[in-house]
Amino acid sequence: MSLRIVVCVKYVPDATGDRHFAEDLTVDRDDVDGLLSELDEYAVEQALQIADEADDAEITVLTVGPEDAKDALRKALSMGADKAVHVEDDDLHGTDALGTSLVLAKAVEKTGYDLVICGMASTDGTMGVLPALLAERLGVPQVTLLSEVSVEDGVVKGRRDGDTASEQLEASLPAVVSVTDQSGEARYPSFKGIMAAKKKPVTSWDLEDLEIEADEVGLEGAWTAVDGATERPARTAGTIVKDEGEGGKQLAAFLAERKFV
Ligand SMILES: Cc1cc2nc3c(=O)[nH]c(=O)nc-3n(C[C@H](O)[C@H](O)[C@H](O)COP(=O)(O)OP(=O)(O)OC[C@H]3O[C@@H](n4cnc5c(N)ncnc54)[C@H](O)[C@@H]3O)c2cc1C
């Protein structure tokens with residue numbers, strides 16, 4: 001039986017770009033470049049390693065996002081994923097984590113899966129809640145924040161490293177897991193991989209295809225709302241201490257003044 005792996009990847013604004021809010025207090029994505037969330041590259045990498053170990057496996061990368069989110073799927077396909085699903089709909093604008101988890105759950109079920117792999121968090125919303133919300137909606141176990149993961153005889157196993165202990169965890173498939181940025185370097189797409197990605201299938205679904213009502217998602221369906229947003233003050237250059245023999249004292253005074261010591 002082929003192991004069906006679905007990797008959830010998010011298309012995020014480039015962190016080096018200038019981020020600001022649109023009038024409706026959602027993040028303005030119009031004139032900002034985007035890319036595959038770096039933390040999701042680790043999820044794609046672990047899916048590829050599990051597939052390499054399995055007799056037969058198929059990797060589908062899935063994203064919920066605007067038109068340009070296809071770039072995130074192309075990157076994951078060029079790393080080696082087999083096919084992609086893109087859920088796109090104007091009514092998704094401003095969807096919160098609960099709404100995104102609903103859309104992802106429906107898309108994962110429609111795709112068919114044994115294992116869902118997520119990143120530890122996105123690099124823009126950074127909530128780290130989607131894997132748990134998704135597992136709840138799918139009614140399957142979740143094993144999150146793994147630094148090592150493998151699949152054997154219908155069981156997913158992994159190691160989660162905490163501050164004081166490492167846990168060995170496992171769950172029977174189907175299951176949802178998330179992997180950390182300590183799970184191993186993500187491979188760079190080869191030229192061959194980039195060329196092959198152009199021919200790999202990308203299926204597009206909208207809310208109707210997933211039988212989701214517009215008022216269940218978007219700003220209208222959100223359980224949370226951004227009431228206001230103020231720009232953080234620009235970072236100042238800071239205090240430069242020129243050490244002419246008294247540098248240590250000046251530094252100690254600086255730290256003491258600010259009650260760091
Ligand atoms: C600055 C900012 C603040 C926000 N604050 C809130 C808030 O307080 N409450 C709220 O409910 N929503 C909030 N949102 C919206 C929320 O980010 C989105 O709903 C998002 O899709 C889910 O949250 P996340 O990005 O934090 O995901 P996380 O929970 O951090 O994501 C974990 C993993 O889930 C998967 N994943 C996440 N989003 C997608 C996607 N669109 N497609 C495919 N896979 C995905 C990826 O594998 C990712 O690694 C915020 C968004 C931004 C940009």
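The values are calculated or read from the model by the stated rules, or taken from the named source; none is laboratory data. Treat the numbers as computed from the prediction; the structure is a model and nothing was measured. Every residue, glycine as well, gets a Cβ built from its backbone with ideal geometry; the counts of neighbours run over all protein chains shown. Note: areas computed on protein heavy atoms with side chains; ligands, DNA, RNA excluded. Shrake-Rupley method; radii C 1.70, N 1.55, O 1.52, S 1.80 Å.
What to note about this one:
- GNM top mover of Ile212, Ile59, Ile50 - the chain, alpha-carbon springs below 10 Å: Ile212
- With both labels modelled 7 Å from their Cα along Cα-to-Cβ, the Asp206 to Asp30 distance reads 2.1 nm.
- Sulfur and carbon atoms: percent of accessible area, the chain [1.4 Å]: 49 percent
- Annotation: average projected area of the range 66-160 is 6.9 square nanometres, based on the convex hull of Cα atoms across all directions.
- Paramagnetic label reach from Glu152 (point 7 Å along Cα→Cβ; backbone nitrogen cut-off under 15 Å): within the range 52-85, residues 53-55.
- Table column - 3J(HN,Hα) (Hz), the range 196-203, Karplus curve with 6.51, -1.76, 1.60, x for Gly and Pro: 5, 4, 4, 9, 6, x, 10, 8
- Helix 70-79 axis, angle to the chain major axis (alpha carbon atoms, nearest 10°): 80 degrees
- Phi-based couplings in Hz for the range 34-49 (Karplus 6.51, -1.76, 1.60; Gly and Pro marked x): x, 7, 5, 4, 3, 5, 7, 5, 5, 5, 5, 4, 5, 5, 5, 5
- Met79 contributes about 10 Å² of solvent-accessible surface, heavy atoms of the protein only, 1.4 Å probe.
- Taking amide H as placed 1.01 Å from N in the peptide plane, the amide H of Leu3 sits under 5 Å from that of Asp56, Ala57, Glu58, each at least 5 places away or on another chain.
- Between Phe21 and Glu216, the FRET efficiency from the beta-carbon distance, with R0 = 22 Å, is close to 0.40.
- Rounded Å value of the spacing that divides the Cα centres of the range 20-36 and the range 161-230: 19 Å
- The chain - percent relative contact order, Cα under 8 Å, separation 6 or more: 23 percent
- A simple spin-label model places the labels of Met1 and Lys198 3.9 nm from each other, with each point 7 Å out along Cα-to-Cβ.
- Taking 24 Å as the limit for the C-alpha separation, the pairs Lys75/Lys192; Lys75/Lys157; Lys70/Lys106; Lys70/Lys110 exceed it in the case of Lys75/Lys157.
- Look at the dipole of the chain built from charges on Cβ: of Thr26, Thr164, Ile117, the Cα furthest out on the positive end belongs to Thr164.
- In this structure, Asp82 and Ala229 have a Cβ-Cβ separation that, at R0 = 41 Å, corresponds to a calculated FRET efficiency of about 0.55.
- Asp56 paired with Asp181, simple spin-label distance in nm, labels 7 Å along Cα-to-beta-carbon: 3.9 nm
- Between the range 97-128 and the range 240-255, the alpha-carbon centres lie 50 Å apart.
- In the context of the full protein assembly, Phe21 retains an accessible surface of approximately 110 Å², using a probe radius of 1.4 Å and ignoring ligands and nucleic acids.
- For the chain: accessible area per residue (Å², 1.4 Å): 58 Å²
- Taking 10 °C and 1.306 mPa s as conditions, the chain diffuses translationally at an estimated 79 µm²/s according to Stokes-Einstein applied to its Kirkwood radius (Cα pairs).
- The order of the peptides 164-172, 144-152, 125-133 by mean Cβ neighbours within 10 Å, most packed first, is 144-152, 125-133, 164-172.
- Couplings for the range 225-239, taken from phi via the Karplus curve 6.51 cos²θ - 1.76 cosθ + 1.60 with θ = phi - 60°, read 9, 8, 7, x, 9, 10, 5, 6, x, 4, 5, 8, 5, x, 8 Hz in order; Gly and Pro are left as x.
- For the chain, the share of DSSP beta bridges that are antiparallel, to the nearest 5, is 40%.
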